[in-house]
1. What's the longest piece of the chain with no exposed GluC sites (Glu not before Pro), counting a site as exposed if DSSP puts it in a loop and it has at most 16 other beta carbons within 10 Å?
2. Evaluate the relative contact order of region 187-299 (contact order divided by residue number), counting alpha-carbon pairs under 8 angstrom at least 6 apart; express in whole percent.
3. For region 3-71, just say rounded, prolate or oblate: build the C-alpha gyration tensor, square-root its eigenvalues into a ≥ b ≥ c, call rounded for a/c under 1.5, and beyond that prolate if a/b exceeds b/c, oblate if not.
4. Once each part is reduced to its C-alpha centroid, what is the distance from region 38-79 to region 276-297 in angstrom?
5. Work through the residues other than E128 whose Cβ is under 10 Å from its Cβ and net out their charges, Lys, Arg +1 and Asp, Glu -1.
6. Of the beta bridges DSSP finds with both residues in region 170-299, what % are antiparallel, to the nearest 5?
7. Need the C-alpha centroid separation for region 184-254 versus region 6-37, integer Å.
8. Dividing the convex hull volume of the Cα atoms of the chain by its residue count, what figure in Å³ per residue is obtained?
Amino acid sequence: MDTRQLEMFVQVVRAGSFSAAARALHCSQPAISQQMRALEKAVGGPLFLRVGRGLQLTEAGRVLAERCEAMLDDMAVMQRQVQALAANDVATVRVCAFPSANASLVPRAAAALIKGRPNIRLELSEHEPPDSFDILRRGACDLVVAFDYDGPPESAELMQVKLFDDPLAVLLPRGHYLASRPQVKLSELSGERWIAGCPRCRGKFVEVCEESGFTPDIVCSTDDNMAIQSLVSAGLGVSLSPRLVLSFLRHPDIVAVPVSPQVTRRVSAYTWPDLLRVPAIRATLDALLSQAATHKHAL
């Protein structure tokens, strides 16, 4: 078996037919058929059964499909690590971060890095966890900036470097009867309508509300921070927002008030330990740590 055959096999499984896989891979259907026959010869038996116009995996095909994607991902990570270590430097560092980090921390770190290391080229992409961790495991990025509420992802191989703690505040419309308070108990907001954030944040939000003795009345959910603040300013509900978001986006008609008990998310950088031996990747992480220290004091 060679990796090209395995990549074609995975595409056939995803697409459901040789012709659809050929279109996705920009090659001919006979080429796909030829490679699949060679793969079946290598494994010693059929991988597909024709059912009507479609394909059905044999038991051997099912087992290979279950293992194949993970194996190809591991090989991509290994290739990236070996290439970086062999070169002892990389001109390009690929950083994947969640949206509010990409709007605040990452640009400042990138500017500081490029000023001191103009030979480094950063490629920035944007994904929420856990999708960003999947991208790192596939070898499609070198560093991930992510947040968590209850601990990092379960992976003994990934290295986590904490950047800062990001407390959440309740967003109230200006003129709300609690807006002038230095702090608000979450239980005091039990009768409010709520604007919830992304699915991951919403899950934590519901959990802390229930710990405070109530189930929140969620009238809207959106991962658009500008929309959340606009909805709150219009008096349609209140919301919890990370201070990181408020550092670069704040509607003039809302007030952010600390809540008790405090709700905090942890912002960290993640990478593979071996990649930190690459000077450009180490320098990128150092730039993130330096800017995180500055940001932490501003929260």
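1. My reading of the result: 1-153 is the longest stretch.
2. Relative contact order of region 187-299: 23 percent.
3. Judged from the Cα gyration tensor, region 3-71 comes out rounded (a/c under 1.5).
4. Using only Cα atoms to place each centre, the spacing works out to 41 Å.
5. Summing Lys/Arg as +1 and Asp/Glu as -1 gives -2.
6. 45
7. 47
8. So the per-residue Cα hull volume is 180 Å³.
No value in this document is a laboratory result; all are computed from the given coordinates. Note that this is a predicted model, so its numbers are computed, not measured. All Cβ positions, glycine included, derive from the backbone under ideal geometry; neighbour counts span all protein chains shown.
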